[in-house]
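Trainee: Handing you a structure now.
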Amino acid sequence: DEGDRGRYAVLGAGPGGLHIEVQMVEHPSRVHLDIESDDIEAEAARLEALGARRIECVGGRWWVMEAPTGHCFCVVPLRDCGRHAPPTAWE
């Protein structure tokens with residue numbers, strides 16, 4: 001568990017380099033996606049322009065957002081910058 005708080009369990013590397021883990025939550029469980037970005041604000045703004053809305057900024061580090069469908073997801077910092085291809089610059 002990252003941070004030794006007993007909230008996360010990493011399930012190992014997924015196909016194509018996906019990072020897969022489960023998280024203990026205080027709300028009904030659901031599938032939840034995180035979108036990694038090297039520019040959290042720019043990615044959140046891009047997603048807002050596509051219809052998502054910002055719900056909460058967590059610890060000043062990432063955004064919980066809601067898709068137009070009602071599904072929540074997060075925009076988070078890159079987990080391992082050295083492992084990824086250069087980020088896409090969205091115009």
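Trainee: With the crude spin-label approximation of a point 7 Å out along Cα→Cβ, what separation in nm comes out for residue 24 versus residue 53?
Mentor: 3.2 nm
Trainee: All other residues with a Cβ under 13 Å from the Cβ of residue 41 taken together, and with Lys, Arg as +1 and Asp, Glu as -1, what is their net charge?
Mentor: Charge balance near residue 41 sits at -1.
No value in this document is a laboratory result; all are computed from the given coordinates. Predicted model, so just to flag it, every value in this text is computed and none were measured. Positions of Cβ are backbone-derived with ideal geometry, glycine not excepted, and every protein chain shown enters the neighbour counts.
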